[in-house]
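Novice: Input: one structure, supplied below.
The values are calculated or read from the model by the stated rules, or taken from the named source; none is laboratory data. Keep in mind it's a predicted model, so treat the numbers as computed, not measured. Neighbour counts are summed over all protein chains in view; Cβ atoms, including those assigned to glycine, are modelled from backbone coordinates with ideal geometry. These accessible areas exclude ligands, DNA and RNA; they are computed on the full protein's heavy atoms, side chains included. Shrake-Rupley method; radii C 1.70, N 1.55, O 1.52, S 1.80 Å.
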Amino acid sequence: MLLRIQNLKKYFYKGSGLFTASRVHVKAVDGVSLDVHAGQHVGLVGESGSGKSTLARLIVRLYEPEEGTVIWDGRGGFCKKRSHDARRDVQMVFQDPYSSLDPRFTVRRILLEALSLCGEKISPKEQTGRMQSVLASVGLEEGALGRFPHEFSGGERQRVAIARALLMKPRLLILDEAVSSLDVLVQQQIVELLLQLQKDYSLTYLFITHNLKIVRKLCKRIAVMYRGKIVETAETDELFKNPLHPYTQRLLAAAMDYRVHETAWIENFTEKFQLIDKGNSHFVLE
Amino acid sequence: MKDYHKSEFQIALGSFLRNRAAVVCLWVLGLLYAGAIFADFLAPYSYQNEDRDYSYCEPTRVHVRDEEGRWQRPFVYGMTVSFDQYHKRVYQEDRARKYPVEFFVQGDEYRPLGLLSSKLRLFGVAPEGRIHVLGADSRGRDLFSRILYGGRISLSIGLLGVAISFSIGLLVGGIAGYYGGRVDNILMRVCEMFMMVPGFYLLLALRSVVPANFNSMQVYISIVVILSFIGWAGLARIIRGMCLSLREREFVLAAKSMGVSDLGIIVKHVLPHTISYSIIAVMLSIPGYILAESALSLIGLGIQDPYASWGNLLSEAMGILQIQFAPWILIPGLFILVTVMCFNVIGDCLRDVLDPKIKKL
């Protein structure tokens, strides 16, 4: 078992002033449990605002959970200290390649920062060697080291971001909508790169997306998230053949371009879960 | 195409240098600072060299032709003083005494960096005569020399004050903005306490706390500290606002998820993105420090005689009689004006260059 998430909760609050009591605004992640086994890629799908990214950020400890535990490799949740191995073992690639790289840093500095966090003392020459080899493995040329992020295309930037994550020698790579902002052709290239890297680096992916086609190609298991909860987990083939939850059915239908009786579905659903629309894309379960 | 490999900063520098007004101002400031740094060499007299026979002596005229109209190397005449019926001093050139202006002469002693001892000065006249390019003050001290020496204090106080207050402001703003929540709340309330009191009164109140028996160096340092104590709050608030939005940017999250320490993120990833604003704010706030020091010295609470600062020099020009009969003692004000204007022009240009989103109103 690489990663076990138990009953994880994260709420966002509203109005946390000096004198005003804060109250729950959004239950972004509301009691999620999920297991990830080594070598078994998991796809996490769901609509915008369903809590996928929040879950990813909870796993890498960008947020502190309200409740619940993240057990890494059977060793309990990892602490915030950077020296901790587990922190390195889980790396994340973000959605927007245009802003996930510091625009003021050259690629060399971006990669050096990751290298310096590895905890090993290595000579400058070896550093360059490692950076070049990791760049080569993501399919970028050597000259990329001296360039700034704005000199790259979106796909190339995402490759740099992946290279940065790879330098930390992670075992689990969380790809938070990592290909969503790229065009279809580049998406495909990145997915192929990911498949290749998986062999070279023995990685496990937690692939967060709303693109079912890619998940189908890449992941063995799929978890469907809806309004802060995981509503369905299944093997990929099983899920595509026989979706159980109404939301999954709808998601698949939309992806496969089937017609569904929209109004009937919504009514049915609202009745079932007593959802209250609070505007925007956020819903609150009450 | 050539811009492609340049960093943001290099591009900005390029367009800054294309702005002629800003470059001129940069040169003027460079001259002023050079004048202050090399005051010992450039000034014909030390700041406390006085000759009471030359009290309020008008600017010395440098002649190149003698009374018979023959061309000569530049020289000045000695001055004789007499009093008119209102007991006003009237200076007249004494044609019998001629003192050629000499270069690289031995003048008052000074110790650059407190180590060497030197007497070499750029220009001067024989000790029996005096040359006052910009006139003399009430005690017959050379105004030009005192302006150069005063520049040391007036020009450095802005830089030092800004350096201290911006370090505090950046750090406090960075911490408040990055952590948010309660930390932010407390730090911002502290800032507001400083901003609540009108600056000049706070300045006076803090100045009154400084012991009266401080020597001039201690007074100088305490003024710098006081000035920077007042200035940091406004910057901290703005930096905090910028950091609040920056901390949600993905490259900050990426660094955080990799395990970069909080301080490392603030210093390496968050604050550098506020730099374009900070540089502008620095440039536009230096004049405030210079003016505040001048105001303090003008009312006699700043640098004390015999040490010179531009505000201190101006304090002589508080009486209508002095201005009427010795208008040249207003010249230090001109230096303040030029300096403040230069900083403002450069700051404005930097804003255009670094922050294209803010358009001039």
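Novice: Decide, for the range B:261-330, between rounded, prolate and oblate: order the square roots of the alpha carbon gyration tensor eigenvalues as a ≥ b ≥ c, take rounded if a/c falls under 1.5, and otherwise choose prolate if a/b is larger than b/c, else oblate.
Specialist: Details: a/c = 5.77, a/b = 3.27, b/c = 1.77.
The shape class here is prolate.
Novice: Based on the Cβ-Cβ distance of residue B:322 and residue B:263, what FRET efficiency does E = 1/(1 + (r/R0)^6) give at R0 = 51 Å, to the nearest 0.05?
Specialist: So, using R0 = 51 Å, E works out to roughly 0.40.
Novice: Between residue B:225 and residue B:82, what is the label-to-label distance in nm when each label sits 7 Å out along the Cα-to-Cβ direction?
Specialist: 5.6 nm
Novice: Are there trypsin sites (Lys or Arg not before Pro) in the range B:34-137 that DSSP puts in a loop and that have at most 15 other Cβ atoms within 10 Å, and which ones?
Specialist: Taking the range B:34-137 and a limit of 15 other Cβ atoms within 10 Å, the loop trypsin sites (Lys or Arg not before Pro) found are B:61, B:70, B:88.
Novice: Further question on the same structure: What share of the DSSP beta bridges in the protein assembly as shown is antiparallel, in percent to the nearest 5? Don't jump to the answer; show the numbers that get you there.
Specialist: Details: 41 of 58 bridges.
Of those bridges, close to 70 percent are antiparallel.
Novice: Tell me the accessible surface of residue B:58 in square angstrom (1.4 angstrom probe, heavy atoms of protein chains only), to the nearest ten.
Specialist: Residue B:58 exposes around 80 Å² with every protein chain in place.
Novice: If I take R0 = 41 Å and measure r between the Cβ atoms of residue B:334 and residue B:10 in this structure, what FRET efficiency does the formula 1/(1 + (r/R0)^6) give, to the nearest 0.05? Can you show the working numbers first?
Specialist: Working: r = 36 Å, r/R0 = 0.88.
After rounding to 0.05, the efficiency reads 0.70.
Novice: What does the C-alpha gyration tensor say about the overall shape of chain B? Classify as rounded when a/c is under 1.5, otherwise prolate if a/b is larger than b/c, or oblate.
Specialist: prolate
Novice: 5 Å is the cut-off here: which amide hydrogens, built 1.01 Å from N in the peptide plane, fall below it relative to residue B:123, excluding neighbours closer than 5 in sequence?
Specialist: For residue B:123, whose amide H was placed from the backbone, the distant partners under 5 Å are B:104, B:105.
Novice: Quick one: length gained pulling residue B:275 to residue B:192 fully straight, 0.36 nm per residue minus the C-alpha distance?
Specialist: Taking 0.36 nm per residue and subtracting the Cα distance, the gain is 27.6 nm.
Novice: Near the amide H of residue A:44, under 5 Å away, which other amide H atoms are found, from residues 5 or more places off or on another chain, if H is placed in the peptide plane?
Specialist: A:207, A:208, A:209, A:223
Novice: Considering amide H positions built from the backbone, and no H for Pro or chain starts, which residues 5 or more places from residue B:108, or on another chain, come under 5 Å of its amide H?
Specialist: B:46
Novice: Between residue A:242 and residue A:12, what length comes free when the chain is fully extended (0.36 nm per residue of separation minus the Cα-Cα distance, one decimal in nm)?
Specialist: Numbers: separation 230, 0.36 × 230 = 82.80 nm, distance 3.41 nm.
Using 0.36 nm per residue and subtracting the Cα-Cα distance, I get 79.4 nm.
Novice: Next question, about the same structure. Are there cysteines in chain B with no other Cys C-beta under 4.7 Å, and if so, which?
Specialist: B:57, B:191, B:243, B:349
Novice: Separate question: Write down the radius of gyration of the protein assembly as shown and its Dmax, each obtained from C-alpha positions, in Å.
Specialist: Using the Cα atoms of the protein assembly as shown, the pair Rg, Dmax is 35.3, 118 Å.
Novice: What spacing in nm lies between the two simple spin-label points modelled at residue B:117 and residue B:344, each 7 Å away from Cα in the Cβ direction?
Specialist: 4.7 nm
Novice: Nearest 5 percent is fine: what portion of the DSSP beta bridges confined to the range A:107-257 is antiparallel?
Specialist: 55 percent
Novice: From Cα pairs below 8 angstrom and at least 6 apart in sequence, can you work out the relative contact order of chain B, rounded to a whole percent?
Specialist: Relative contact order of chain B: 20 percent.
Novice: Over the range B:217-361, average the accessible area per residue using a 1.4 Å probe and give it in Å², no decimals.
Specialist: 41 Å²
Novice: Report the residue, chosen from B:302, B:234, B:319, that carries the largest GNM mean-square fluctuation when chain B is represented by alpha-carbon nodes joined by springs under 10 Å.
Specialist: B:319
Novice: Helix check for chain B. Which DSSP H runs span at least 24 Å along their own axis by Cα, with a mean Kyte-Doolittle hydropathy no less than 1.0?
Specialist: In chain B, the long hydrophobic H runs are B:20-37, B:143-179, B:216-246, B:275-298, B:331-354.
Novice: Here's another thing I want to ask about it. Run the simple label-point estimate for residue B:167 and residue B:108 please: 7 Å along Cα→C-beta, distance reported in nm.
Specialist: Roughly 3.2 nm, to one decimal.
Novice: In the structure shown, do any of A:9/B:256; A:121/A:229; A:27/A:220; A:27/A:213 have a Cα-Cα gap over 31 Å, and if so which? Don't skip to the answer; put the middle values down first.
Specialist: Values: A:9/B:256 21 Å; A:121/A:229 43 Å; A:27/A:220 28 Å; A:27/A:213 28 Å.
Beyond 31 Å: A:121/A:229.
Novice: For an R0 of 51 angstrom, estimate the FRET efficiency from the Cβ-Cβ distance between residue A:1 and residue B:201 and round to the nearest 0.05.
Specialist: 0.15
Novice: What aspartates and glutamates could a cross-link reach from residue A:125, if we take a straight Cα to Cα line under 16 Å and drop same-chain neighbours fewer than 8 places away?
Specialist: The qualifying aspartates and glutamates are A:113, A:142.
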